[in-house]
């Protein structure tokens, strides 16, 4: 009861101080915040409209006064594009590099950010003292410092992270060729390198390399079913013809020779030894 009485007395003193020296947060300050938020949204909408309405074709690009809307058509068969998020998602990007196993992805993407957000929302209800001086609010001070440091470090690490996964997979190609006995088949070797460079191991596994996602099968012995290289080339080129709506349509992977080499590589993959 004494604690409740103290809080009531403190609140009463606060209200008297507001009446004597200033205005309460609601509705005065809240009104100003609402108006400013509305102004920011209007500015963003106006800039987006200018960006879109002033855009014209410039070769393969489509750009306006405020920058490109898009720069040519996306090519799912590209082997040199490294996807990266916008800078404000770098912290989450690096969390995914830490929790890279399929079983722990949900922990890095949903679990940890949600727990941190809940803790921040609960902080005002945990630290309920009237003290306003920062140095006399250790819980809030420590929480703020930890949040800033963790977000800063994760953002920096995400921004400077090297995409070494593709090169690591390419280094495994000679071992694949040896185990699968296609080291003397230049088309199969070229197809294996293209398979490694194109990020196929993001969903498929091959002789212990890569990770299985979205139900994608292991391809180490895919050629043991007797299907010719032309079948695999056709499948990779357009999986929709084979009722596969999940795998991307890779087209010719840059050229007809590339898609043929992929087919030869898969047809030569009979399980290794």
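The values are calculated or read from the model by the stated rules, or taken from the named source; none is laboratory data. From a predicted model like this one, the values you see are computed outputs, not experimental measurements. Counting neighbours? That spans all protein chains shown, and the Cβs are built from the backbone with ideal geometry, glycine included.
This table checks each residue for (1) over 28 Å from residue 105 (Cα atoms); (2) touching a helix residue (DSSP H, G or I) at 6+ places or on another chain (Cβ under 9 Å).
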{"position": "170", "(1), (2)": "no, yes"}
{"position": "180", "(1), (2)": "yes, yes"}
{"position": "193", "(1), (2)": "no, yes"}
{"position": "228", "(1), (2)": "yes, yes"}
{"position": "238", "(1), (2)": "yes, no"}
{"position": "244", "(1), (2)": "no, yes"}
{"position": "258", "(1), (2)": "yes, yes"}
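Checked across the range 20-29, the condition of being modelled with pLDDT of 75 or more, part of a helix (DSSP H, G or I), surrounded by 11 or more Cβ atoms within 10 Å (Cβ to Cβ) and in the same structural domain as residue 113 (by TED's automatic domain parsing) holds for no residue.
Do you know which residues across the range 116-144 are surrounded by 11 or more Cβ atoms within 10 Å (Cβ to Cβ) and part of a helix (DSSP H, G or I)? Listed by number, the residues that qualify are 116, 119, 120, 123, 139, 140, 141, 143, 144. Annotation note: of 252, 258, the sole residue that is in the same structural domain as residue 170 (by TED's automatic domain parsing), closer than 20 Å to residue 182 by Cβ and touching a residue at least 40 places away in the same chain (Cβ under 8 Å) is 258. Scanning the range 191-217 for residues that are assigned to a strand (DSSP E or B) and buried (at least 22 other Cβ atoms within 10 Å of the Cβ), we see that the one that is modelled with the lowest pLDDT is 210. Residues that are surrounded by 12 or more Cβ atoms within 10 Å (Cβ to Cβ), at pLDDT 75 or above and in a loop (DSSP other than H, G, I, E, B) within the range 60-98 comprise 66, 84, 85, listed in sequence order. A residue that is surrounded by 20 or more Cβ atoms within 10 Å (Cβ to Cβ) and part of a helix (DSSP H, G or I) cannot be found anywhere in the range 247-256. Quick check on residue 173: is it more than 24 Å from the chain's Cα centre (by Cα) and under 30 Å from residue 223 (Cα atoms)? So residue 173 fits the description; yes.
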